[in-house]
Amino acid sequence: MNVVNVVVCGHFNHGKTTLVKALTGEWLDRLPHEREMGVTIEPARAFLEFRDTTISFVDVPGHRDYIRNMLASAWSADYAILVVAADEGPCPGTIDHALVVSFYGARVLPVVNKVDLVDRNRVSEVADEVMDLLELLGVETVREPVLVSAKTGEGAEELLDALAELEEPPRPSESDSLRAPVESTRRVGKTTVDVFGVVDRGMLEEGWVEVQPGGLNAEVLEVESAGGFRPGAPFRARLKVEGSITRGMCLGEGLSTSDGIRAEVLSIGAKVRPGTMGKVHVLSAAANVEFVEVETHAGTEVIRPYAEGHNVAHVFLELDREVVVEPGDRFLVTVGDEPAVLGVVEGAAR
């Protein structure tokens, strides 16, 4: 079957988790403190088999305090359902998530939720506001907003019809060397652990794999996947390994790691200069980072958002630990839990 990865994103409390429940029948707020707080903290997946396609939904946190967790899954999205509540309209999280998923290559399916709370004129206003915002941000959409109430079920059929039209995008070759970033883990026994993620390239099969960073060797005892073991497929793999595996590591062959990144970046929300500290998010990993070198296209050392020539720069980033990274990988740096710069890796050394 074809596999389509859809991240369900948007501002805090706009109804993302309830929408996934309406589509799949699953509540993805599985942790006790998530249910107590009424907020999504950890990304979680649910699946829907639709005609000849498996749709993998990943419900990500909308609160800025947990954007680091959102980014651990956003990198793998083919499409994004951008949820905007009709009673609030576009909010800061709407902008953050739209920019991030678009930068990672996802096309956006906008959804106006909670239409049962307001009159039809307000629904139409919010739908227009969403499309104007996405056009302003340069975000590619697949259609006009779908109007729904996740609570009452209104609009669910139209949303399912829209999802049925999503096509699986081109994937890397199955013959490439394996790279499969780990999104989450669950300890099973003293030397066995279940790891969850999405295959970036190559094929994940039973046998031996390396785990980086850390240089571990692990035996893949079994693999379950929603769409085979090929690129783009979400997976659960049971590993036998001596050592700890955590989010941000990768399963693979011949993986390259580094604690330094050369890149071209675009500022979207903060001034950045040599010495600026933040957190870099690449694939499913996160690490503390310092901007060591900055040279904007205008020839200055200060990156400024929306200032032409000063908003794009070549930088060297120094990380506090190694991550799996290669030229061409995309990343985001947050400063104070707010998205600051988007970047593309040019190399992993000075």
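Taken residue by residue, the range 150-171 has no member that is at pLDDT 95 or above, basic (Lys, Arg) and open to solvent by 80 Å² or more (accessible area, probe 1.4 Å).
Note on the range 230-253: residues that are out of contact with any strand residue (DSSP E or B) (no Cβ under 6 Å at 6 or more places or on another chain) and over 14 Å from ARG187 (Cβ atoms) amount to 2. Quick one: how many residues across the range 249-292 are in contact (Cβ under 8 Å) with a residue 60 or more places away in the chain, open to solvent by less than 10 Å² (accessible area, probe 1.4 Å) and in contact with a His (Cβ under 9 Å, 6 or more places away or on another chain)? The total comes to 3. Residue count for the range 173-195, restricted to those that are open to solvent by 60 Å² or more (accessible area, probe 1.4 Å) and in a loop (DSSP other than H, G, I, E, B): 5.
Considering only residues that are modelled with pLDDT of 75 or more and in a loop (DSSP other than H, G, I, E, B), look in the range 19-50 and name the one that is farthest from GLU338 (Cα to Cα).
Pass one, the range 19-50, residues modelled with pLDDT of 75 or more: 19-26, 45-50.
With the extra rule that they be in a loop (DSSP other than H, G, I, E, B), the set shrinks to 25-26.
Working: GLY25: 32, GLU26: 30 Å.
That would be GLY25.
The set of residues in the range 236-246 being surrounded by fewer than 22 Cβ atoms within 10 Å (Cβ to Cβ) and on the phi < 0 side of the Ramachandran plot consists of ARG236, ARG238, LYS240, VAL241, GLU242, SER244, ILE245, THR246. Taking first residues from the range 104-133 that are free of Cβ contacts under 8 Å to residues at least 40 places away in the same chain and under 27 Å from VAL344 (Cβ atoms) and partners that are buried (at least 18 other Cβ atoms within 10 Å of the Cβ) and of a type in the set (Asp, Glu), no Cβ contact under 7 Å between residues at least 6 apart in sequence or on separate chains turns up. Selection of strands (runs of 3 or more DSSP E) fully inside the range 285-350 by the criterion of at least 3 residues being over 18 Å from the mean Cα position of the chain (by Cα) and more than 26 Å from PRO92 (Cβ to Cβ) returns 285-296, 312-324.
Do we find a residue being more than 12 Å from the chain's Cα centre (by Cα), more than 24 Å from GLY269 (Cβ to Cβ), assigned to a strand (DSSP E or B) and at pLDDT 75 or above anywhere in the range 91-109? Yes, that holds for at least one residue. For the range 110-122, filtered to residues that are buried (at least 19 other Cβ atoms within 10 Å of the Cβ) and more than 30 Å from ARG330 (Cβ to Cβ), the residue that is farthest from the chain's Cα centre (by Cα) is VAL115. Can you find a residue in the range 132-145 that is of a type in the set (Val, Ile, Thr), under 20 Å from ARG45 (Cβ atoms) and under 24 Å from the mean Cα position of the chain (by Cα)? Taking every residue of the range 132-145 in turn, none turns out to be of a type in the set (Val, Ile, Thr), under 20 Å from ARG45 (Cβ atoms) and under 24 Å from the mean Cα position of the chain (by Cα). VAL84 falls short on exactly one of the conditions (1) open to solvent by 60 Å² or more (accessible area, probe 1.4 Å); (2) in contact with a helix residue (DSSP H, G or I) (Cβ under 7 Å, 6 or more places away or on another chain), and that condition is (1). For the residues VAL198, VAL209, the requirement of being surrounded by 13 or more Cβ atoms within 10 Å (Cβ to Cβ), among the β-branched types (Val, Ile, Thr) and without any contact (Cβ under 8 Å) to a residue 60 or more places away in the chain singles out VAL209.
The values are calculated or read from the model by the stated rules, or taken from the named source; none is laboratory data. Small disclaimer: the values here were computed from a predicted structure and weren't measured. Note that we place each Cβ from the backbone using ideal geometry, even for glycine, and neighbour counts take in every protein chain shown. Each accessible area value is taken on the protein alone, full model and side chains, heavy atoms only, with ligands, DNA and RNA left out. Shrake-Rupley method; radii C 1.70, N 1.55, O 1.52, S 1.80 Å.
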